[in-house]
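Note sheet for the following structure.
The values are calculated or read from the model by the stated rules, or taken from the named source; none is laboratory data. Please read all numbers here as calculations on a predicted model, not as lab measurements. So basically every Cβ, Gly included, is an ideal-geometry build from the backbone, and we count neighbours across all protein chains shown. With ligands, DNA and RNA removed, areas are computed over all heavy atoms of the protein, side chains included. Shrake-Rupley method; radii C 1.70, N 1.55, O 1.52, S 1.80 Å.
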Amino acid sequence: MKSQLPFLFIIFFITLTTTNLLVTSQSTRPGDNATIYKISKQLCWGCIGESLQFLYNHNLVRATKWELPLMWDFQLEKYARWWASQRKQDCKLQHSFPENDFKLGENIYWGSGSTWTASDAVSAWAGEEKYYTYATNSCEEGRVCGHYTQIVWKSTRRIGCARVVCDDGDVFMTCNYDPVGNYIGQRPY
């Protein structure tokens, strides 16, 4: 574990820097208060900690396969928030993709009770690695691996996620990925 600490610190630094660059790159010039106000109305400031958790944990998983870190995308987050809000009345509904004109990768997570975190969701998705065999590019029969392979998909560069506590007190989380992964016949990394 000690030999991994410098590497994990680098991933953490890249995650923080990337998130900071995305927030500050929105302003057109220093001191442009109108732009800053516009951005602050669009961002969920109480969700920044969750966003960092989603991004950091995804990038830790990607780092184990030497994949480039993901960047946070506020448009993907906005879509994920909209989609999560559609599920807020009943988190346990069968998964169905909303109609859209674009293709995104998606991972969803449902947890009973309100204490589930972004780290829990990413950990559950990443835990599917134990069922994935790289040599045959296949998943153990009867198991799911697609959440894991989407996280480590080599060409995916951007992510946006959301977490909501549903009306019944359970948690629903969703992450969207661009470009999409999980192409049949292709390896994730």
Given the options TRP125, TRP82, name the one that is more than 22 Å from CYS145 (Cα to Cα) and at pLDDT 85 or above. TRP82
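Matching residues to (1) of a type outside the set (Phe, Trp, Tyr); (2) open to solvent by 30 Å² or more (accessible area, probe 1.4 Å); (3) modelled with pLDDT under 95:
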residue: THR115; (1), (2), (3): yes, yes, yes
residue: ASP120; (1), (2), (3): yes, yes, no
residue: TYR134; (1), (2), (3): no, yes, no
residue: SER138; (1), (2), (3): yes, yes, no
Scan of the stretch 156-186 for residues that are open to solvent by 10 Å² or more (accessible area, probe 1.4 Å) and of a type in the set (Val, Ile, Thr), ordered by number: VAL164, VAL165, VAL180, ILE184
All but one of (1) at pLDDT below 95; (2) open to solvent by less than 90 Å² (accessible area, probe 1.4 Å); (3) in contact with a helix residue (DSSP H, G or I) (Cβ under 9 Å, 6 or more places away or on another chain) hold for GLN53, so report the exception by its number. (1)
For LYS103, are the conditions met, namely being at pLDDT below 95, surrounded by fewer than 17 Cβ atoms within 10 Å (Cβ to Cβ) and under 21 Å from LEU68 (Cβ atoms)? yes
